[in-house]
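Derivation of every value follows stated rules applied to the coordinates shown; laboratory data play no part. Fair warning: this is a prediction, and the values are worked out from it, not measured in the lab. Please note: Cβ atoms are built from the backbone with ideal geometry, for glycine as well, and neighbour counts cover all protein chains shown.
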Amino acid sequence: MNRTAIIVRLSPWLFTIGLLIVWEASVHIFKIPVFFLPPPTAVAQAFVEFAGPLARNSWITLETTLIGFALAVGFGLLLGLLVGWSRTIYAGLYPLMIGFNAIPKVAVVPILVLWFGIGFIPAVLTAFLISFFPIVVNVATGLATIEPELEDVLKALGASKLDIMRKVGIPRTLPYFFGSLKVAITLAFVGSVISESVASNYGIGNLMLQAQAQFQVPLIFAGLVVLAIEGIAMYAVMAILERRMTGWAQRSGFAQS
Amino acid sequence: MSAFVALDNVTHAYGGAGGTLAVDGLSIAVEAGEFAAVVGPSGCGKSTLMKLATGLQFPRTGAVTVAGAAVNAPVKIAGMAFQAPTLLPWRTTAENLLLPLEIVQPYRGQMRRRKAEFRERAERLLASVGLAGQGAKFPWELSGGMQQRASLCRALIHEPQLLMLDEPFAALDAFTREELWCVIRDLHAARKITVILVTHDLREAVFLADRVFVMSARPGRVVAEKRIELPRPRDLEVTFIPQFQDIVHELRGHIIKARQ
């Protein structure tokens, strides 16, 4: 490995450490009070002090997010295939979906609470509602962009619509689908944390709200850091999955250069 | 003997009742085993001709018959290749060749049982177009010319009686194109298959075809027909003899008239 390669490998760590140092130094130089912006050392202290609650609640948030995300994957895939299958369904559902997607999901939480009470279920559903849309759009796009010539080749042989879907449509949609999972998992975290902050007694969202009420600002930041770590970890899982499943679609050297 | 592919006074338009006519009063008859080339100015409805003859579209008026039967569904005995190779990037080249066999009967039902045999057939076919041993590669690991050869193989794997080619060499460089002319020439000679080639390239049409049809500008119909009497087998050298040049020149005159 040459010098540049080593630096590229290390750069995520170097940048992160750099950010922490600038942060810590700024707090001390400008004498920013801890209750306004705690330095990284104070956040680290909060991690040690509240290790138990942080671990418990971050696990709950992760669980909530993943269940909501799993629902979104199943439902999004199904709806995407349906929308890609038929022009009529596409024309009928698209405006509805766009309208639905435009609604801020935090505005839906009160309704979910009304129906299901506060806690776990509204959080799962919010994560689901906020994350299924990109999956639907991407799956439908994959199906809509089948080359017409290829369709002709198969149709002239007597292929049914289902044949074309199975042999061409679904495989060619997979890169779009796995690409959308990276967006969807991140959104799912947004959904579950929103709902936890507004209407739950558990989860990182709720923990942060309580910390705010008690003015434990370092703990709020510790909550943020936990969310960031969980978000990065899940994104990485999706990216690995994408590469494993659809390596044929990622042969371009463009992103590597 | 009646024609293998016949379009009789066919009119067709896209996009509902008010749509502009793509072809109007188009008649063309291709004998079994014949190599027919269709040339014409761009937008003259050559691709519509392809769709009509394979049963992907049905004419407004007039009749289309293929192999003695009126066409009212996809014909299933045709293989098709286009300007773009349209190979599936997630399948190896050999697996791409198997695709038509997974669709068309009776192969479809025998796929599991005869898989090994079909694979061997695919490899033999690849070898016959100069792609021996390339079956395990993915299409994107092949050059453009090699992809187009594979695409031809895919059109032939189910042993169709009719081969429809829509400008299959248009995107290739001149030398690769001439190489592929010879590939097609040899496939036609070996299999006695009926070929309809749609092309812009007059030299290509004259070199390969038994008969060349010239179509008018849109709405398209056949305005001239030329039997190519050059003896077979034809060598690429034939493209440089005066007789060849004269035919190309004559056809070019028809096209220029058709464009006006």
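Per residue of B:71-81, other chain Cβ atoms within 10 Å of the residue Cβ number 3 on average.
If you take the Cα centroid of region A:102-126 and the Cα centroid of region B:178-253, the two points sit 69 Å apart. Counting, for every residue in A:156-167, the Cβ atoms of other protein chains within 10 Å of its Cβ and taking the mean gives 6.
Beta bridges assigned by DSSP with both partners in the protein assembly as shown are antiparallel in approximately 50 percent of cases. Less than 5 angstrom separates the built amide H of residue B:111 from none of the residues sequence-distant by 5 or more or on a different chain. Note on chain A: GNM, Cα springs under 10 Å; of A:227, A:93, A:174, the largest mean-square fluctuation is that of A:93.
GNM remark for chain A: springs join alpha carbons under 10 Å apart, and the peak mean-square fluctuation among A:194, A:118, A:229 falls on A:229. Multiplying the residue separation of residue A:85 and residue A:213 by 0.36 nm and removing their Cα-Cα distance gives an extension gain of 41.0 nm.
So how strong a dipole does the protein assembly as shown carry about its Cα centre when Lys and Arg Cβ are +1 and Asp and Glu Cβ are -1, to the nearest 20 debye? Result for the protein assembly as shown is approximately 480 debye, rounded to the nearest 20. Taking 23 Å as the limit for the C-alpha separation, the pairs A:182/B:137; B:192/B:226; A:105/A:182; A:167/B:115; A:161/B:51 exceed it in the case of A:182/B:137. Under a model in which nothing but the beta-carbon of Lys, Arg (+1) and Asp, Glu (-1) is charged, chain A shows a dipole of about 420 debye around its Cα centre.
Here's how it looks for residue B:60: its modeled amide H is under 5 Å from those of B:11, B:12, B:13, which are all 5 or more places away or on a different chain. Taking a Cβ cut-off of under 9 Å around residue A:164, the surrounding Lys, Arg, Asp and Glu residues balance to a net charge of +2, with basic ones at +1 and acidic ones at -1. Here the convex hull built on the C-alpha positions of the protein assembly as shown has a volume of 231 cubic angstrom per residue. Computed over chain A with a Gaussian network model linking Cα atoms closer than 10 Å, the most mobile of A:160, A:192, A:86 is A:160. The phi-based Karplus calculation (6.51 cos²θ - 1.76 cosθ + 1.60; θ = phi - 60°) puts the 3J(HN,Hα) values of region B:218-224 at 4, x, x, 8, 7, 9, 8 Hz, whole numbers, x for Gly and Pro. In this structure the amide hydrogen of residue B:163, modeled in the peptide plane, comes within under 5 Å of the amide hydrogens of B:79, B:194, B:195, B:196, none closer than 5 places in sequence on its chain. Of all DSSP beta bridges confined to chain B, the antiparallel ones make up roughly 50%.
Would you mind telling me the antiparallel percentage of the DSSP bridges in region B:150-260, rounded to 5? In region B:150-260, approximately 50 percent of DSSP beta bridges are antiparallel ones. Work out which helices of chain A, taken as complete DSSP H runs, extend at least 30 Å along their axis over the Cα atoms and score a mean Kyte-Doolittle of 0.0 or more, then list them. Both cut-offs are met by A:3-29, A:51-85, A:120-144, A:170-199, A:217-245. This model, with +1 at the C-beta of Lys and Arg and -1 at the C-beta of Asp and Glu, gives region B:84-160 a dipole about its Cα centre of some 220 debye.
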